[in-house]
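Structure first, then comments.
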Amino acid sequence: MRQLLELALGKGGDYADLYFEQSLFHDIILRDGKVNAAGTNSEGGLGIRVVKGQNTGYAYTESSLASDREKAAKTAAFIADGMSPATAPVALNTLKLPDRYTILKPWDNISPQEKMPYLYQLNDLIFSADKRVKKVTARLADSTSRIEYYNSLGVHCTDTRPLASLSVSCIMEENGRRETASASRSFRMGAEFLQPDLIRELAEEVVARTAFLFGAMQPQGGEIPVVMSSGSSGIFLHEAIGHAFEADFIRKNTSIFSDKMGKRICRTGITIVDDGTIPGNRGALNVDDEGVPGQKTYMVTDGILTSFLHDRISASYFNVSPTGNGRRESFRYMPQPRMRATYMENGTDSAESLIASVKKGLYVDSFSNGQVQIGAGDFTFFVKSGYLIENGKLTQPVKDTNIIGNGPRALGMITGVGNDYRMDNGTWTCGKEQSCEVSCGMPSVLVSSLTVGGRL
């Protein structure tokens, strides 16, 4: 590894690092009452990054041959001009890391035959719960990634990262009308993830979500107060606010929050966190992909912007410490600032009091996706289900509508924060040029005005 770093720095690079990865993926799928698909994929390789000033060179190889790895190191080295003397890497110093995802039953030892009964049980519970069920599709996926990292500052570490995900979708039919909904769970765990309670919980949730839609309608569009429920509404924080706190956008001055550090951006009592330290959480990290230990980062503290999310490059640019947010999809990609588990801490209001304070508005409790323009902060979310609020009470169920707004403006229009914080443990994945596992959560919040798309 030291020899590869010396080659990578040979043309005068300021910094270099090595990221070795070996990952094993399995999945097994149930459709039409039968487990009829399964797959296994193994991949691995080495990514080499060289930094010179504000420029980065990157190369990777899937080969384990010394000659191919040396070629990758020399390729990344070309980002430097060869005019500066070669930098010598610092002696290796291995980090001692916490264990936030203990593996009790390694996935490598679990056969497809041992997984199948859980999918059949899930299928049977859903069909027995409601005679309107017509189709169930369930997918169990697991992976184990083993990484080793070494950089020219002498930082060395290893990590073994498990990930388990179970997702299910359900189609129901009533009087010729069909509705579909889904539910999922994902944790950094071994095969101890598979428990009867998990199967029952997912079956009950997906049946309730699908049945709900038969009585729901699209609401009338307009600008109205919106109460976002605890849990999955955390995607609002991730999309509308969190991306704008990622320091590569700050460094490029493309984020609307670029000049807001240390300033009040929302009301007192609102604290927003990005956290890699939650044991077993999908977004948890013992160490990020740049050898920085996972940590808890307070982005907004009592309404004041207190930190951006940094990788090593942005941290060096702003002369601050990295926050453990340097992440990558695999060895094929350079790391960049990415979220982990993003959530808002509890406030003092009850969810009931937030709803009771709204004369005419919308309560939303299930999101399926969202998009944001980082520069302007404009966002849109697709709301799968919720309720109208009329005279402080939940009335007509609603479905299939959009919420549209501006992140900083919506953050400033939060007028109430509930005391019912909940982390949503679904299969959230962030697609910022490359895919990374994340999670999100929040208590119930009241936003005084958002645009709701619906019937005219």
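Bear in mind these aren't lab numbers, they're just calculated from the coordinates by the rules spelled out. None of these values were measured; they are calculated from a predicted model. Positions of Cβ are backbone-derived with ideal geometry, glycine not excepted, and every protein chain shown enters the neighbour counts.
One table, with the values for the structure above:
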quantity: Summed side-chain charge close to K360 - residues other than K360 whose Cβ falls under 14 Å, Lys, Arg +1, Asp, Glu -1; calculated: 0
quantity: Residues of type lysines that K393 reaches as a straight line, Cα spacing below 19 Å, ignoring anything fewer than 8 places off in the same chain; calculated: K359, K360
quantity: Aspartates and glutamates whose Cα lies under 14 Å from that of K432, excluding same-chain neighbours fewer than 8 positions away; calculated: E239, E246, D248, E329
quantity: Rounded Å value of the spacing that divides the Cα centres of region 116-153 and region 207-278; calculated: 27
quantity: Per-residue Cβ neighbour rank within 10 angstrom, fewest leading, Y150, Y421, Y101; calculated: Y421, Y101, Y150
quantity: In degrees, nearest ten, helix 66-77 long axis to first principal axis of the chain (Cα); calculated: 80
quantity: Lysine pairs in region 2-215 with Cα atoms under 25 Å, if 8 or more residues apart or on separate chains; calculated: 13
quantity: Ascending count of other beta-carbon atoms within 10 Å, so fewest first, for K296, K96; calculated: K96, K296
quantity: Exposure proxy order (Cβ contacts within 10 Å, fewest to most) of F382, F367; calculated: F382, F367
quantity: Alpha carbon centroid spacing (whole Å) that separates region 308-336 from region 395-456; calculated: 26
quantity: Under 5 Å, built H, 5+ apart or other chain: amide partners of T401; calculated: V383
quantity: Counting DSSP beta bridges with both ends in region 222-453, the antiparallel % (nearest 5); calculated: 85
quantity: 0 to 90° range, to nearest 10: angle between helix 112-129 axis and the chain longest Cα axis; calculated: 20
quantity: Helix-only CD estimate at 222 nm, as mean residue ellipticity for the chain, using -39500 (n - 2.57) per DSSP H run (n ≥ 4); calculated: -5000 deg cm²/dmol
quantity: Per-pair calculated FRET efficiency, R0 = 56 Å: N253 and M217 via Cβ, rounded to 0.05; calculated: 0.80
quantity: Amide H contacts of G269 (H built 1.01 Å from N, under 5 Å, at least 5 apart or other chain); calculated: D302, G303
quantity: Approximate spin-label separation S63-T268, in nm, with each point projected 7 Å along Cα-to-Cβ; calculated: 6.4
quantity: Phi-based couplings in Hz for region 220-233 (Karplus 6.51, -1.76, 1.60; Gly and Pro marked x); calculated: 6, x, x, 8, 9, x, 10, 9, 9, 6, 5, x, 5, 5
quantity: Cα-based helix-to-principal-axis angle, 196-212 vs the chain, degrees rounded to 10; calculated: 50
